Amino acid sequence: PGSDPGSVADCTVWSLDTFGQNLVACNNSDGKLYKWGLNTNTPAALIAAAPTACRGLVVTAEGVIFALGADGDPRTVAWCDLRDETNWTAGLPSLAGTFPLQTPGRLMCGRRVRGGTLLFTDVDAHLATFNDPSNPYSFERVGTDCGVISQGAAVAASDGLCAWMGRDGFFAFEGGVRVLACEVSDYVFGDINRAQASKVTAVHS
């Protein structure tokens with residue numbers, strides 16, 4: 001007999017990104033942030049000062065770690081000081097801070113794009129743009145009804161295009177969100193097991 005779809009939990013997904021010469025990571029089950037110096041003799045270390053109960057992370061072009069869903073709030077973005085993962089305390093001279101997105105959705109993932117950092121919820125998309133040390137980041141909703149279907153379902157290409165799979169269609173961002181035409185959309189969305197949607201993954205080849 002088939003299992004009860006209501007009993008299916010999201011799979012564990014790692015968010016991985018480069019931070020200077022290091023790799024930073026977070027998985028949605030553990031919720032903690034880690035840093036690894038790319039040395040196989042030394043395991044990844046917990047970033048002790050970072051927020052906990054996070055959904056994931058992304059590193060901005062400026063060299064700032066965004067913790068997504070920080071401290072268990074599914075709408076809050078928290079970020080560290082410039083190139084300093086040990087300082088998450090807001091206030092000058094630190095660039096660290098927090099911001100609650102105005103959205104009914106929950107943060108899922110983020111990708112660096114031309115002009116900022118694109119943040120996805122399961123409902124909409126927001127662009128984080130760097131300003132100046134006194135007001136480091138501004139956040140603008142750039143798309144509605146275009147939320148990503150899973151944490152791994154968005155990919156950014158080197159030509160500036162970011163594409164992702166939503167719950168009912170494919171989307172792209174090149175300065176603005178647009179529907180991405182796809183000849184197999186009816187096939188994909190007409191036969192998808194939505195209880196297993198957390199396994200959807202996008203790659204760029």
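The values are calculated or read from the model by the stated rules, or taken from the named source; none is laboratory data. As the structure is a computational prediction, the values presented were derived from the model and not from experiment. With ideal geometry, Cβ positions are generated from the backbone for all residues, glycine too; neighbour counts draw on all protein chains shown. Areas reflect the complete protein model, heavy atoms only, side chains present, ligands, DNA and RNA absent. Shrake-Rupley method; radii C 1.70, N 1.55, O 1.52, S 1.80 Å.
Just a few scattered comments:
- Per-peptide packing, taken as the mean over residues of other Cβ atoms within 10 Å, places 186-197, 59-70, 20-31 in the sequence 59-70, 20-31, 186-197 from highest down.
- Charge sum, other residues only, whose C-beta stays under 10 Å from VAL64's C-beta, Lys/Arg counted +1 and Asp/Glu -1: -3
- Nonpolar atom fraction for region 111-205, defined as the carbon and sulfur part of the 1.4 Å probe accessible area, stands at 49 percent.
- Share of carbon and sulfur in the accessible heavy-atom surface of region 1-103 [1.4 Å probe, %]: 54
- Between the amide H of TYR137 and those of ASN131, distances stay under 5 Å, these residues lying 5 or more places away or on another chain, with hydrogens modeled in the peptide plane.
- Dipole size of region 98-186 about its Cα centre, with +1 on Lys/Arg Cβ and -1 on Asp/Glu Cβ: approximately 260 debye, rounded to the nearest 20.
- Simple Cβ-charge dipole of the chain, Lys/Arg +1 and Asp/Glu -1, about Cα centre, in debye nearest 20: 220
- C-alpha center-to-center spacing [region 21-78, region 101-143] in angstrom: 17
- A cut-off under 14 angstrom between Cβ atoms defines the neighbours of ASP73, and their net charge, with Lys, Arg +1 and Asp, Glu -1, is +2.
- Burial ranking of peptide ranges 42-51, 101-110 (average Cβ count within 10 Å, highest at the top): 101-110, 42-51
- Fully extended contour minus Cα-Cα distance, from TYR187 to ASN87, at 0.36 nm per residue: 31.2 nm
- Solvent-free Debye scattering, log10 I(q)/I(0), computed from the Cα coordinates of region 93-198 at q = 0.16, 0.22, 0.25 Å⁻¹: -0.71, -1.19, -1.42
- Sequence of SER7, SER198 when ordered by accessible area, the most exposed leading, probe 1.4 angstrom: SER7, SER198
- With K and R counted +1 and D and E -1, the other residues having a Cβ less than 9 Å from that of HIS126 yield a net charge of -1.
- Average projected area [Cα convex hull, the chain], square nanometres: 13.0
- Among TYR137, TYR34, the order of accessible area from largest down is TYR34, TYR137, computed with a 1.4 Å probe on protein heavy atoms.
- Using C-alpha pairs under 8 Å with a sequence gap of at least 6, the mean separation divided by the residue count of the chain gives a relative contact order of 12 percent.
- When GLU140, GLU85 are compared by accessible area at a 1.4 angstrom probe, the order from most to least is GLU140, GLU85.
- At a probe radius of 1.4 angstrom, the accessible area of region 97-194 per residue rounds to 49 square angstrom.
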